[in-house]
Structures are given as C-alpha cells and as structure tokens.
Protein chains: 2
Amino acid sequence: MPAAAATPAPAASIPRAEALARRYGPGAPALPDGPWNAHLELLLSHRSVRGYLPDPLPPGTLETLVAAAQSAATSSNLQSWSVAVVEDPAARDALARIASNQKHIRECPLFLVFLADLSRNRRLGDRAGQEMVALDYLESFLVAAIDAALAAQNAVVAAEAMGLSTVYIGALRNDPEAVARLLGLPPGCVGVFGLCVGRAAPGAEGEVKPRLPQQAIVFRGRHDATQEAALVAAYDPRMEDFSRRNEVSADGWARRVLARVGTLANFGGREKLGAALRALGFALK
Amino acid sequence: MPAAAATPAPAASIPRAEALARRYGPGAPALPDGPWNAHLELLLSHRSVRGYLPDPLPPGTLETLVAAAQSAATSSNLQSWSVAVVEDPAARDALARIASNQKHIRECPLFLVFLADLSRNRRLGDRAGQEMVALDYLESFLVAAIDAALAAQNAVVAAEAMGLSTVYIGALRNDPEAVARLLGLPPGCVGVFGLCVGRAAPGAEGEVKPRLPQQAIVFRGRHDATQEAALVAAYDPRMEDFSRRNEVSADGWARRVLARVGTLANFGGREKLGAALRALGFALK
C-alpha cells in the first residue's frame, strides 16, 4: 500500500518567509530556511474567525470533518471522544448564553461540541461484566480530553482545507453541567469545547495572529527561561499592533495574560470545573 | 491580505472512497460523497509509526514543525505550552525506560516532549508583581494540556506533510516527576506526551488503522448509544484483521479496551498522575 509520503507534496502559493513573517509578526527573530509546500502553508495560515455567513455547507462536509478527526491518533486506540452536532436553534441559543453570549455559536452553519467520552468504554465493560476501574482516574479524563483535542485539531485543518473557517469555544466549560443536560450526556461524558464551522463573513477573517517567538517556546535539553522577559517585551508591541488593527481593544500580550489569569473575574466560573466533572461522573482519583 | 481559502486546494492522488475504506476498514458503513483534495488525503492517511531510520532530518525541519504547532489555536492566546527537544542519548534512554522501553524513543532522529506549561504565565505575573490566581485551578491545567495537544497535532500533520512519520508517547505520563527532573522543568510545567519524528524504517509504516464507524462517534442533538453494541460488534473483526496483519497479537477492539482500562495492571502507574501533578506545582483546585 503506497504511503502518503510517496506522493510529492503540492507547491505552496506564497513563500515560506512570508508565511513565517505573518505568523510571528514584523521584526520577530528570523528563522532558518526549511521545507515548504501547500500543506504547511495551510497550517501556518490559520486564523480563528468570529463571524460567519449562514450559508449551508456542501453535502458530505460533516462526514469529511469527522473522518479527518478520527484519523488523529488516539491513546491505545481507546477512541474516548465523541462529537455532538447541534442544529436546534434553541439549543444553540442556550449554548451561546453559557459561552458568554458569543453570537457566532448562533450564526455558524455547523456547530460541534467535542466530548471527552469515557462512557463508551464504560458501556463496553458493562456488556462484558467488567468494572472499568482505570476510568476513575484523572489520567483517563486527561486521555479523553487529549483525544478530543487531537481529533478536533484535525477537523480544524480539514475545514480550512475546504476553504471554511473555525473557532474553538472553550467557554462551554463555563458550565459543563448545563451543556451536559442540553446534550443528554451520560455519566463520564463532558463537552470539553465547542467548534464553530462555516464560511467567514466578509471582513471577519482578519490577519494571522502573531505568536511568541520560537525561542520562548522551544527548549533544547533543559527548560530555559533566561531570555524570556526580553522576548516577551519584544513580542508585546507586535500583539498591540495586531490588536489595534483586528480587535476591539489594543492591549499587548502581557496585559491580556494578567487580565485573564491574574484574577478570577474573567474566569467565567471555571474555578468550579473540578466539581462539575465529579458531578458528571469523572471520579478524577 | 488573501485568505488561504482563496487558493484552490491541490488535487488528491487517490479517490475519497479509497481513503475512507482504509480509514474505516472493509465492510464499514458507507459514507456520502463529499469534498476531497490533497490536504484531506494527507489527514486521512495518518498512521502511527514505531520504527525509524536514524537519518538526520533536513535543515529547518524543527523550526517548521514548531511554526505549524504555534499556528494552532491557543485558549485566549495564553500560549500555555512549550516543547523540549531531547537530543542527549542518555536522556533519550532514560525517557525510553520511563515509557515502557519503547525503542523508537532512542532511534528516531527527533524526539519532542510537549509540555503543559503554566510557568511562563506565572513568571509574567511575577515580573508584574501579580499573583496569577487562576493558574491554581484544574481548568488552567486542562487549558495547558489542550493547548499542547492542539499544537502537537499540527506538528504531526506538518511532519506527515514533509513525508515524515510520528508516534505519540503517552507513556511519559508513567512518571511525570522523573520526566520533569530530566528536563529541568520549573513548577507548573509537565510533559503531557512525547512525539517521535523521523523517516519510517522499511516495513514499519503499516496500514491505516481502522476506527469505529462514524455512527458510534457522532451524535445529532442528543447523546445516543442505542446502536453502539451492534456497531462495536461489527467493528471488532475489522480490528482483528488489521491486528493480525500489522501487530504482534490479533485481538479485537473490545478485548483491548478491557485489557487496558478494566484493570490497573496495564495502566503504567498512571493512577498516580494527580499526585504527580500536585508535586509539580499544579494545585488542580
């Protein structure tokens, strides 16, 4: 059976240096030359989109997204994730209200909730008369959440490969129990995040958001933060410039991080996540 | 700035139906026709590879993988993940021993450890004289682990886009404290999984592993497991056939799941994950 690797990768439409300059912002440290093709260009061109046309998606879109999602690795092939497709406008509205009223949850033609789902393995044990003791540990919840994330990221890449846009909705974790009631989730199953999918509304796509330079993210051998303060200080104005052109306020990165995790005021009630997971049947031992 | 979506996607080299037949195995329920191109083919062709040539990778490979990884969404742009590149043979050997002695950790030309890393945000607070109170909650650990997973999956797709292969090493979680000591990780930073990257050794690539049919994974509106037992029963022989041709033993899916989570004997010590995370500075409130 021929490997995907045997097929030459299709050519990119913009140079590697241009894609990297967008991803890291003007003035970021230079990176060495390296491999480049259309697949890599697609990955580097990602942006989260918060405004959608209501246009329905082409037939087979959902099935293709799910096939891509299922093609991601899954720990020990346990496949401990599921995905809910939410079409009912009242349910969409309720989910939007849980998620700080993000209007794109109501607008987008396809809204998915990715579920960390240990219930399928649990039912398999029930049918075999075996108690699935390992599912009661934090490790099993983490495996399910990571499985869901790997799957979802493949779905995101697949959506962008079809010319669609996406945005993750982590704010479903503001109230996981309410989400579970809305979706009729069994014990051991929780929505870890939502995903809006659709065509970007005119003007909603925006620019590629600059990230921290690689020197702040990558360590050789041992963790090293000696250059970090300087790297962050140089990144901050790049984020401010992006923010001024693309967002409501024009804060740099440091201010945003401080506002987000330096207080519980902007945490959306997520300090209760542990209690919510336990109520939903994750023992988290 | 032109969107990636404006560029027509490159054509696939195999038909959609063939890629789906490999992904779900012979006799799986048919899926409707839908979008198809080279990007989608790349995603659907994924397989985890456990044998590598020692050949060094082309210059710029690591930087390209990291740029793809950083292009994934990150919750509130917190960027609460990092990645360690492990080159020292003694450290590789120690990591292999932690991870049930998986020889590909020693063999592959590039071994990465993806880190859930709240320490960068914590240091930013230290510099600003602000206590980052939200980092002490389970939610913040989960955000960091999901950020790391989204990033890593983009790195996997990028590697495969360059004709390379990968395998995730979840077994680093057999002893997160030992991994942290080896990599000199600060408090609030933990290895969530490793990733081997390299060229597949001859014969090591294997077939695409069949997954559960979409009907067992996707729910419309509300969770529904009424067809699940029948779907799993039909999937089991597809996994047995795959396993007979590609793996050491020839177990179906149900037997493997029972062996994996029906007991703590094959859990690799991961029942201690919660205690290990707390020792590493995640309060998990």
Counting Lys and Arg as +1 and Asp and Glu as -1, what is the net charge of the other residues whose Cβ lies under 14 Å from the Cβ of residue A:56?
-2
Given charges at Cβ of Lys, Arg, Asp, Glu: the protein assembly as shown dipole, positive-most of A:68, B:28, B:128
B:128
I need the shape label for chain A. Rule: rounded when a/c is under 1.5, else prolate if a/b > b/c, else oblate, with a, b, c from the alpha carbon gyration tensor.
rounded
Could you give the length gained on full extension between residue B:215 and residue B:234, defined as 0.36 nm per residue of separation minus the Cα-Cα distance, in nm?
5.6 nm
Mind listing the label-point distances from residue A:203 to the same position on all other copies, shortest first, one decimal in nm, points 7 Å along Cα→Cβ?
6.2
If you rank A:103, B:209 by fewest surrounding Cβ atoms within 10 Å, what's the result?
A:103, B:209
Neighbour net charge for residue B:262 - beta-carbon separation under 15 angstrom, K R +1, D E -1:
+2
Alpha carbon centroid spacing (whole Å) that separates segment B:186-238 from segment B:241-272:
13
What are the ³J(HN,Hα) values, in whole Hz, obtained from phi via the Karplus relation 6.51 cos²θ - 1.76 cosθ + 1.60 with θ = phi - 60°, for each residue of segment B:261-278 in sequence order, with x given for Gly and Pro?
10, x, 8, 8, 5, 10, 9, x, x, 6, 5, 9, 4, x, 5, 5, 4, 5
With θ set to phi - 60° and the Karplus curve 6.51 cos²θ - 1.76 cosθ + 1.60, what are the ³J(HN,Hα) couplings of segment B:23-40 in order, to the nearest whole Hz, using x for Gly and Pro?
5, 10, x, x, x, 5, x, 5, 10, x, 5, x, x, 7, 6, 5, 5, 5
When you look at the Cβ of every residue in A:120-130, what mean number of other chain Cβ atoms sits within 10 Å?
5
Label-point separation, residue B:97 to residue A:33 (7 Å along Cα→Cβ), nm
4.3
Over segment A:1-145, one equal point on each Cα, no solvent: what is log10 I(q)/I(0) by the Debye formula at q = 0.12, 0.14, 0.21 Å⁻¹?
-0.86, -1.06, -1.22
Need one word for the protein assembly as shown: rounded, prolate or oblate. Basis is the Cα gyration tensor (sqrt eigenvalues a ≥ b ≥ c); a/c below 1.5 gives rounded, then a/b vs b/c decides.
rounded
Enumerate the amide H contacts of residue B:169 below 5 Å, restricted to partners 5 or more residues apart or on another chain; note that Pro and chain-start residues carry no placed amide H.
B:194, B:195, B:196
If amide H atoms are built 1.01 Å from N in the plane of the peptide, which residues on other chains or at least 5 residues away come under 5 Å of the amide H of residue A:263?
B:133, B:134
Using a label point 7 Å beyond Cα on the Cα-Cβ vector, give me the inter-copy distances for residue A:177 in nanometres, one decimal, shortest first.
3.4
Report, in debye and to the nearest 20, how large the dipole of the protein assembly as shown comes out about its Cα centre when Lys and Arg carry +1 and Asp and Glu carry -1 on their Cβ.
660
Amide hydrogen neighbours beyond the local backbone of residue A:110, cut-off 5 Å, H modeled:
A:197
Degrees separating the helix A:61-71 axis from the principal Cα axis of chain A, which is the longest one
90
Mind pulling the angle between the C-alpha long axis of helix B:119-128 and the longest principal axis of chain B? Nearest 10 degrees, somewhere in 0 to 90.
40
Set A:272/B:272; B:103/B:272; B:103/B:285; B:209/B:285; A:209/B:103 screened for pairs whose C-alpha atoms are more than 31 Å apart:
B:103/B:285; B:209/B:285; A:209/B:103
Show me, for segment B:188-202, the HN-Hα J-couplings you get by feeding each phi into the Karplus relation (A = 6.51, B = -1.76, C = 1.60, θ = phi - 60°), rounded to Hz, glycine and proline as x.
x, 9, 9, x, 8, 6, x, 8, 7, 9, x, 7, 4, 5, x
Which of the cysteines in chain B are isolated, no other cysteine C-beta under 4.7 Å?
B:189
Label geometry 7 Å along the beta-carbon vector: residue A:283 inter-copy distances in nm
2.7
Shape call for segment A:131-285, from the Cα gyration tensor axes a ≥ b ≥ c (a/c under 1.5 means rounded, otherwise prolate when a/b beats b/c, else oblate), comes out prolate
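Only the coordinates and a few stated rules stand behind these numbers; no lab work does. Just so it is clear, the structure is predicted and the values come from calculations on it, not from any experiment. All Cβ positions, glycine included, derive from the backbone under ideal geometry; neighbour counts span all protein chains shown.
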